[in-house]
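Quick notes on the structure that follows.
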Amino acid sequence: MEITGKIVLALPATEGVSRTGNRWKKQEFVLETQEQYPKKVCFGLFGSDRIDQAAIREGEVITAFIDIESREFNGKWYTNVNAWKVERAASGGAPTGFGGAVASPAGAYSSNYVAEPSNMPEYPPPTLEDDIPF
């Protein structure tokens, strides 16, 4: 799954040592979607290398590729939202990130493309008879 939005909060990183003696690091971020009714989603990045590579800052607009997992413990259910890849728009508009950046294919359409009026079809104005509800 993927979710796009603006980072509204970067929580402090949490570090520890596993039972086997391995060091671990996790940082959580709150992302607000940019929809008509925005939603906030807290997701985590696990591993100091991923946290450093992503270098997420508050105010950035990113796309997070996430996995959602729930587990039961003592009769209660807990849900984790973990990112495995993060992309942000670079100055040239190409996505960048970690976990395998996706390059745009040659000749791909730009989001800044505006059709010239001569290329746009002319449609007659809608009438009540042509009003389709879907």
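Each reported figure results from applying straightforward, stated rules to the coordinates on display, with no laboratory input. Just so it is clear, the model here is predicted, and its values are computed rather than measured. Methodologically, a virtual Cβ is constructed for each residue, glycine included, from the backbone with ideal geometry; neighbour enumeration extends over all protein chains shown.
So here's what we get for this one:
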item: FRET E, pair residue 73, residue 32, Förster distance 25 Å, beta-carbon r, rounded to 0.05; result: 0.30
item: HN-Hα J in Hz across the range 71-81 - Karplus 6.51, -1.76, 1.60, θ = phi - 60°, x for Gly and Pro; result: 9, 9, 9, 6, x, 10, 9, 10, 10, 10, 10
item: Calculated from backbone phi, Karplus (6.51, -1.76, 1.60) coupling profile of the range 34-48 in Hz, x at Gly/Pro; result: 10, 10, 4, 10, x, 10, 9, 10, 9, 10, x, 10, 10, x, 5
item: At most 12 other Cβ within 10 Å, DSSP loop - trypsin sites (Lys or Arg not before Pro), the range 1-97; result: 19, 39, 57
item: Descending semi-axes in Å of the range 1-65, equivalent ellipsoid built from Cα gyration tensor; result: 26, 11, 10
item: Across 6/40; 39/76; 26/85; 6/76; 26/76, pairs whose alpha-carbon gap is larger than 21 Å; result: 39/76; 6/76; 26/76
